[in-house]
Amino acid sequence: MSAHIVYDNAPLGSLIRYSDGTSKPPARFTRKLADWGRRNGLGRLVRKASPRDRPTHSAPASITLNEGNFSSGGVILVTVMRTYSVDSDLSFKIVEQPRIGMVRVLQQIGDDDELLHLAESQEAAALWLAKTGYRNARLEDVTADEVGADVVEGRAAA
C-alpha cells in the first residue's frame, strides 16, 4: 500500500513496515546492506503532518516513523525518526495497530499531533508522563472507532 493510505487510515501508534521491494543483500556487502536498510525497515507511526502551502514553497502531507532509540545507562541518546511524503515510491504495510484500551501520550506540534509514548493503560501513561516531565502533553485513549477498520481498499490492513 502507499504512504497515502497509511496517512489516511493508520492511527498514531501503528507499527508500519516499509520496503522498496528489493531483497536483502548478504551481510558481507556492508555498504549495500546499509543502503538497503535506509529503504527497508519498521517503525512506529508517531506523526501525520498535513500538507503545507506557504508563499515560498509547498509540501505534501507526510508520515513520520520512529525506528528506535539508542540509549546508555537508561538515558536516550539518539532517537531515529524517518519522515516520508505521501508521494513516496516505497511500499508500506500496517503491521500492527494499537489495541483498544491503550493510551497515547501526545504533544501538539504546530497543527499536528506527535506521539510521545504509547502506554498499556491510563496509569502507565500518567506514570511515564510524570517521570519525563512533558508539560504540554495530553493523554488520549485508543478507541474501537479508530482501530476497527480491519479492511483498507478491500484488503486486510494488518
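Quick rundown of the values:
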{"read-out": "Failed item, numbered, when residue 67 is tested on (1) of a type in the set (Asp, Glu); (2) assigned to a loop (DSSP other than H, G, I, E, B); (3) within 30 Å of residue 137 (Cβ to Cβ)", "value": "(2)"}
{"read-out": "Subset tally (residues that are within 30 Å of residue 121 (Cβ to Cβ) and either assigned by TED's automatic domain parsing to the domain that holds residue 106 or in a loop (DSSP other than H, G, I, E, B) (or both)) for segment 14-49", "value": "1"}
{"read-out": "Search result, residues across segment 113-138 that are surrounded by 17 or more Cβ atoms within 10 Å (Cβ to Cβ) and either of a type in the set (A, V, I, L, M, F, W, C) or touching a residue at least 40 places away in the same chain (Cβ under 8 Å) (or both)", "value": "113, 114, 115, 116, 118, 119, 125, 128, 129, 137"}
{"read-out": "Meets criteria (over 12 Å from residue 84 (Cα atoms), in a loop (DSSP other than H, G, I, E, B), in contact with an Asp or Glu (Cβ under 9 Å, 6 or more places away or on another chain) and modelled with pLDDT of 90 or more) for residue 11", "value": "yes"}
{"read-out": "Any hit, segment 26-47, residues being basic (Lys, Arg), closer than 17 Å to residue 64 by Cβ and without any contact (Cβ under 8 Å) to a residue 24 or more places away in the chain", "value": "yes"}
{"read-out": "Pick from segment 115-146, criterion over 23 Å from residue 81 (Cβ atoms) and of a type in the set (A, V, I, L, M), ranking: modelled with the lowest pLDDT", "value": "144"}
{"read-out": "Top-ranked residue of segment 71-89 - restricted to ones that are at pLDDT 85 or above and either more than 16 Å from the chain's Cα centre (by Cα) or outside any strand (DSSP E or B) (or both), ranked as farthest from residue 39 (Cα to Cα)", "value": "78"}
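The values are calculated or read from the model by the stated rules, or taken from the named source; none is laboratory data. Please read all numbers here as calculations on a predicted model, not as lab measurements. Here the Cβ is made from the backbone with ideal geometry for all residues, glycine too, and neighbour counts use every protein chain on show.
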